[in-house]
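The values are calculated or read from the model by the stated rules, or taken from the named source; none is laboratory data. Note that the structure is a prediction, hence the values are computed from the model and not measured. All Cβ positions, glycine included, derive from the backbone under ideal geometry; neighbour counts span all protein chains shown. Accessible surface is based on the protein model in full, side chains and every heavy atom, while ligands, DNA and RNA are left aside. Shrake-Rupley method; radii C 1.70, N 1.55, O 1.52, S 1.80 Å.
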Amino acid sequence: MSKYHPLSEAEAVEIARSFAEVFPTGEELVSREIGDGNLNLVFHITQPATGRSLIVKQALPYVKIIGDSWPLSLDRARIEGEALIKQGELAPGLVPVVYRSDADMALTIMEDLSDHVIMRKGLIEGGVYPDFAEHLAEFLSRTLFFTSDLGMNQQDKKVQLGRFINPDLCKITEDFVLNFPYFDAESNNIEPHLRDAAEAVWRDQELLLEAAKLREKFLTQAQALLHGDLHTGSIFVTPTSTKVIDPEFAYYGPMGFDIGAIVANLLLNYAGQEHWSPDEASRRDRRAYLLSTVTELWTRFERKFRALWDAHGVDKRFGVAGYQDDYMKRLLQDTIGFAGAKALRRVYGLAQVADIATIPDREARERAQRLALNIARNLIVSNRSTSSIEDVVRIAETAAGSRS
């Protein structure tokens with residue numbers, strides 16, 4: 001019989017007390033449930049007398065905001081714990097330290113990052129993170145390369161692929177990112193003023209064709225172990241530190257999905273500057289910073305990924321002249337296409353982003369929404385003809401210029 005049950009705060013405290021490396025003394029511990037997502041309980045355990053703390057995260061067997069009418073497998077907690085441990089091995093210092101992963105209780109006990117800020121919140125508030133592109137390029141290049149057929153024993157990879165079969169959470173992505181936004185699905189959350197724009201998406205055959213091709217890649221292309229949900233709400237930052245969290249959507253899929261996800265979120269914040277920047281001059285400067293971050297992220301990622309390939313590539317056939325260049329071109333195109341898909345669904349899908357959704361002024365919010373849809377549409381339809389990350393910059397700047 002399973003010992004699993006959702007934890008109370010008192011039980012979370014008792015679990016935390018067993019970690020002597022964090023709480024070596026017997027002073028009082030205090031718990032606060034801070035989970036603001038849809039799938040988990042998250043307990044922040046602190047020791048006021050010493051200032052020490054940790055996080056106890058527990059998966060729920062259903063979607064939190066809906067209830068037990070939408071069940072989910074608890075195996076995602078094992079997947080998240082194993083993914084964090086693997087990412088910590090491959091990209092040390094760029095994920096929280098995992099103290100324990102308990103599959104039976106669907107628990108991950110890990111380092112507290114309260115001295116960091118969630119990147120989405122930081123960007124909305126105008127934060128600047130000069131080391132972010134370097135850190136995330138390091139994280140992406142190492143975690144993607146060394147879990148792919150390029151950088152690990154290919155039979156071992158097949159075994160690992162089996163450990164990260166993640167059907168419940170993959171289905172959430174398959175439905176809410178790559179299916180429902182493209183027709184009048186019940187789960188779409190379309191404000192009345194945006195109805196015409198959503199209906200234009202549903203009629204756009206060029207867009208629908210490219211979206212279908214991206215969906216096929218997500219369903220069939222097991223290139224590397226992905227984080228699976230790499231948005232700015234899954235990254236903690238300071239000006240000098242970056243920590244990637246919450247890989248419970250981890251599975252073996254197309255590399256461009258992870259890279260594209262973070263590009264999309266930077267572009268959504270770019271669109272949100274219709275409100276968050278107080279005047280045209282500051283808006284121009286802020287958008288330039290966001291686009292330079294997109295460019296720097298891809299440029300640094302590509303340089304690091306190619307260097308890893310040259311130094312650690314495991315397959316001689318992949319060393320044939322021209323293959324690496326072709327691979328990186330296709331990876332960039334996938335990144336751009338998936339960036340568009342991730343951005344589009346965040347405008348009127350089930351889970352929208354605070355960068356746009358919390359804009360209080362309806363007219364400014366609508367401008368941001370339409371700008372984001374314009375950018376997303378052009379990323380998707382042009383993805384297979386792009387050849388440079390500068391194409392993303394051009395698409396964003398052209399879309400923003402058309403609003404002037």
> Shape call for segment 1-110 from the C-alpha gyration tensor, a ≥ b ≥ c root eigenvalues: rounded (a/c under 1.5), prolate (a/b greater than b/c) or oblate?
Replying inline: oblate
> Sequence-distant or interchain residues sharing an amide H contact under 5 Å with Arg100, placed H: which?
Replying inline: Ile109
> How big is the chain by Rg and Dmax over its Cα atoms, in Å?
Replying inline: 21.1, 64
>> Using a 1.4 angstrom probe on the protein heavy atoms only, could you order Ile395, Ile118 from most to least accessible area?
In response: Ile118, Ile395
>> Using amide H atoms built in the peptide plane, which far-off residues or other-chain residues are under 5 Å from Tyr252 H to H?
In response: Leu226
>> If I model a spin label at Ser282 and Thr299 as a point 7 Å from the Cα along the Cα→Cβ vector, what separation in nanometres do I get?
In response: 2.7
> Stretched out fully, how many nm does the piece from Tyr289 to Arg362 gain, at 0.36 nm a residue minus the Cα gap?
Replying inline: 23.7 nm
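For n ≥ 4 DSSP H runs only, could you compute -39500 (n - 2.57) per run for the chain, divide by its residues and tell me the 222 nm figure to the nearest 500?
Taken over the chain, the calculation gives -17000 deg cm²/dmol.
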>> For Tyr62, what residues show an amide H to amide H distance below 5 Å, using hydrogens built from the backbone and excluding near sequence neighbours?
In response: Leu72
> Rounded if a/c is under 1.5, else prolate if a/b is larger than b/c, else oblate: which is segment 315-404, with a ≥ b ≥ c the root eigenvalues of its Cα gyration tensor?
Replying inline: prolate
> Which peptide among 125-133, 141-149, 326-334 comes first, and what is the full order, when sorted by highest mean count of other Cβ atoms within 10 Å?
Replying inline: 141-149, 326-334, 125-133
> How far apart, in nm, are the 7 Å Cα→Cβ label points at Glu390 and Ala185?
Replying inline: 3.7
> Over the chain, what relative contact order in percent results from Cα pairs under 8 Å that are six or more residues apart?
Replying inline: 16
>> Run the simple label-point estimate for Ser18 and Val159 please: 7 Å along Cα→C-beta, distance reported in nm.
In response: 2.8
>> Could you work out what % of the accessible surface of the chain is carbon and sulfur, using a 1.4 angstrom probe and leaving DNA, RNA and ligands out of the count?
In response: 52
> Per-residue HN-Hα couplings for segment 253-269, Karplus 6.51 cos²θ - 1.76 cosθ + 1.60 at θ = phi - 60°, whole Hz, x for Gly and Pro?
Replying inline: x, x, 3, x, 5, 5, 5, x, 4, 6, 4, 4, 5, 5, 6, 5, 5
> Taking the Cβ of Asp102 as the center, what net charge do the other residues with Cβ under 11 Å away carry, scoring Lys and Arg +1 and Asp and Glu -1?
Replying inline: +3
>> Apply the a/c threshold of 1.5 to the C-alpha gyration tensor of segment 122-232 and tell me whether it is rounded, prolate or oblate.
In response: oblate
>> At 1.4 Å probe radius, can you tell me the per residue accessible area of segment 274-388 in Å²?
In response: 43
>> Going by average Cβ density within 10 Å per residue, which order do the peptides 311-324, 15-28, 164-177, 343-356 take, highest to lowest?
In response: 343-356, 164-177, 15-28, 311-324
>> Given a 1.4 angstrom probe, what's the average accessible area per residue across segment 204-255, in square angstrom?
In response: 32
> List the lysines whose alpha-carbon lies under 21 Å from that of Lys316, not counting same-chain residues fewer than 8 positions away?
Replying inline: Lys157, Lys158, Lys304, Lys329
